[in-house]
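*Asks:* Following this message is one structure expressed as structure tokens.
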Amino acid sequence: MSIWETAFHFDSLVWDWIIAIYLFLAGMSAGAVMIALYLKRNVIEGNPADNGIMKAMAWLAPFGIIVGLLILVFHLTKPLEFWKIMIYFNPTSVMSMGVILFQVYMAVLFVWIGLIFRKPIMDVLGGKFDFVETILIKLEKFENGIELFLGVLAIALAAYTGFLLSALKTYPMLNNPVLPILFLFSSLSSGAAASLLFGILVFKEDAHSASVKWVHSFERPVVLFELFVIVTFFTGLIFSGGQNEAAAWNAIGGGFWSSWFWYGVIGLGMLLPLAMNFFSSDRVKHNHGFILVVTSLSLLGVLMLRTFVLYAGQMTVV
């Protein structure tokens, strides 16, 4: 077998690359929502429906959670029976609790998007479904509470992608309390990158606008803290000894997944975008080509991180 075949197929592997994509999309959705919430409440002046970052969120957040769930459903052994887990809840199951979270998150998310983009949506509908506008108008008085609740749900969703893996108790690297925190900050990183990428290049937000400047200023500390959490994650494993230490060194001490981590996740996905932002002039930073490269590298880094954690975490068993 080739190195690639060995790396992606081994005896202790339960969840494969398709789950990594699901984790990435769900995290990106939550991250984009958290950033959009802050922008709307503290940065954007005027109508938020006219802001390119908000428009990007309105597409990215539903896309991430819906496609992520579809991937998860069709990856199950019996996908046509997925509806059962949506009706019969098990409070002791991490998966069941996640389904409840997804359902509530999607419902509140669509209401919030409807409140922000009510006029454009009703213009597209052309006078049809007037009852939708009536409902949204009545819900406007609760907009502040809806936003706060959605913020809590987005944080919970971003962390949940880590809790889902940490529930795999037979894998010492995954059964780690730091993992949800790491996935929370990687969700913010991917949400920021995706919002900038689509907000500027697709929805034509001015690269010098207050919202873009804030997201730029937010990216660097998030990535730096993400690096700190990664150090904490592996330091904790190594100092724990036994199989925890073995899991850490199996992941980062050499081999395919070690190279994936050091060159891909750390080098390509984190340090290179940080260096490009630090050493580039303001004029270069606002160039669309530069934004495309940096945000794409950040998104690739987050996807590689989720894939690394998933596969490297399953290599060592208690």
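*Asks:* Mind running the shape call on the chain? Use the C-alpha gyration tensor, a ≥ b ≥ c as the square roots of the eigenvalues: rounded below 1.5 for a/c, prolate if a/b tops b/c, oblate otherwise.
*Replies:* It comes out oblate by the Cα gyration axes.
*Asks:* Rounded to the nearest 500, what is the 222 nm mean residue ellipticity of the chain from helices alone, with -39500 (n - 2.57) per DSSP H run of 4+ residues and division by all residues?
*Replies:* -23500 deg cm²/dmol
*Asks:* Separate question: Could you grab the relative contact order for the stretch 162-228? Cα pairs under 8 Å, six or more apart, rounded to a whole percent.
*Replies:* Answer for the stretch 162-228 is 29 percent.
*Asks:* Would you mind calculating the relative contact order of the chain from Cα pairs under 8 angstrom and at least 6 residues apart, reporting the percent as a whole number?
*Replies:* Relative contact order here is 28 percent.
*Asks:* For the pair residue 132 and residue 296, how long in nm is the line joining their label points, each one 7 Å along Cα→Cβ?
*Replies:* Inter-label distance under the simple model: 3.4 nm.
*Asks:* Starting from the Cα of residue 262, step 7 Å along the direction of its Cβ; do the same at residue 210; then give the gap between the two resulting points in nm.
*Replies:* 4.6 nm
*Asks:* Could you give the angle, 0 to 90 degrees to the nearest 10, between helix 17-38's Cα long axis and the longest principal axis of the Cα atoms of the chain?
*Replies:* 40 degrees
*Asks:* Please work out how much accessible surface residue 134 shows to a 1.4 Å probe, ignoring ligands, DNA and RNA, in Å² rounded to 10.
*Replies:* Probe radius 1.4 Å; accessible area of residue 134 about 70 Å².
*Asks:* Using 0.36 nm per residue of separation minus the Cα-Cα distance, give me the extension gain between residue 146 and residue 42 in nm, one decimal.
*Replies:* 35.8 nm
*Asks:* With the cut-off at 1.5 for a/c, could you classify the stretch 208-272 from its C-alpha gyration tensor as rounded, prolate or oblate?
*Replies:* Oblate is the answer for the stretch 208-272, as a/c is 1.5 or above yet b/c matches or exceeds a/b.
*Asks:* Now, a different point. Mind running the shape call on the stretch 140-286? Use the C-alpha gyration tensor, a ≥ b ≥ c as the square roots of the eigenvalues: rounded below 1.5 for a/c, prolate if a/b tops b/c, oblate otherwise.
*Replies:* It is oblate, given that a/c is not under 1.5 and a/b is not larger than b/c.
*Asks:* Using a Gaussian network for the chain with springs between C-alpha atoms less than 10 Å apart, which of these wobbles most: 52, 289, 27?
*Replies:* Fluctuation is largest for 289.
*Asks:* Here's a follow-up. Let me check something: with ligands and nucleic acids excluded, how do 118, 220 order by accessible area (1.4 Å probe), largest to smallest?
*Replies:* 220, 118
*Asks:* Send over a whole-number figure in Å² for the accessible area per residue of the stretch 1-43, probe 1.4 Å.
*Replies:* Accessible area per residue, the stretch 1-43: 47 Å².
*Asks:* Let me ask something else about it. In a GNM of the chain with a 10 Å cut-off on Cα contacts, which of 74, 256, 233 has the highest mean-square fluctuation?
*Replies:* 74
*Asks:* Going by alpha carbons, how many degrees (0 to 90, nearest 10) lie between the helix axis of 143-166 and the longest principal axis of the chain?
*Replies:* Between the helix axis and the principal axis of the chain, the angle is about 20 degrees.
*Asks:* Please identify, among 115, 153, 179, the residue showing maximal mean-square fluctuation in a Gaussian network model of the chain using a 10 angstrom Cα cutoff.
*Replies:* Comparing 115, 153, 179 in the GNM, the peak value goes to 115.
*Asks:* Per the 1.4 Å probe, what fraction of the accessible area of the chain, in percent, lies on carbon and sulfur atoms?
*Replies:* Exposed carbon and sulfur together represent 69 percent of the surface.
*Asks:* Starting at the first residue of the stretch 198-205, write each ³J(HN,Hα) from the Karplus equation 6.51 cos²θ - 1.76 cosθ + 1.60 with θ = phi - 60°, in whole Hz, x for Gly and Pro.
*Replies:* Once θ is set to phi - 60°, the couplings for the stretch 198-205 become 7, x, 8, 7, 9, 9, 6, 5 Hz.
*Asks:* If each of residue 284 and residue 232 carries a label point 7 Å out from its Cα toward its Cβ, how far apart are those two points in nm?
*Replies:* My value for the distance between the label points is 3.3 nm.
*Asks:* Another one. What accessible area per residue comes out for the stretch 171-251, rounded to a whole number of Å², with a 1.4 Å probe?
*Replies:* In whole numbers, the stretch 171-251 has 39 Å² accessible per residue.
The values are calculated or read from the model by the stated rules, or taken from the named source; none is laboratory data. Computed from a prediction, not measured in an experiment: that's the story for all the values here. Glycine also receives a Cβ, built like all others from the backbone with ideal geometry; neighbour counts cover every protein chain displayed. All accessible areas refer to the heavy atoms of the entire protein, side chains included, with ligands and DNA or RNA removed. Shrake-Rupley method; radii C 1.70, N 1.55, O 1.52, S 1.80 Å.
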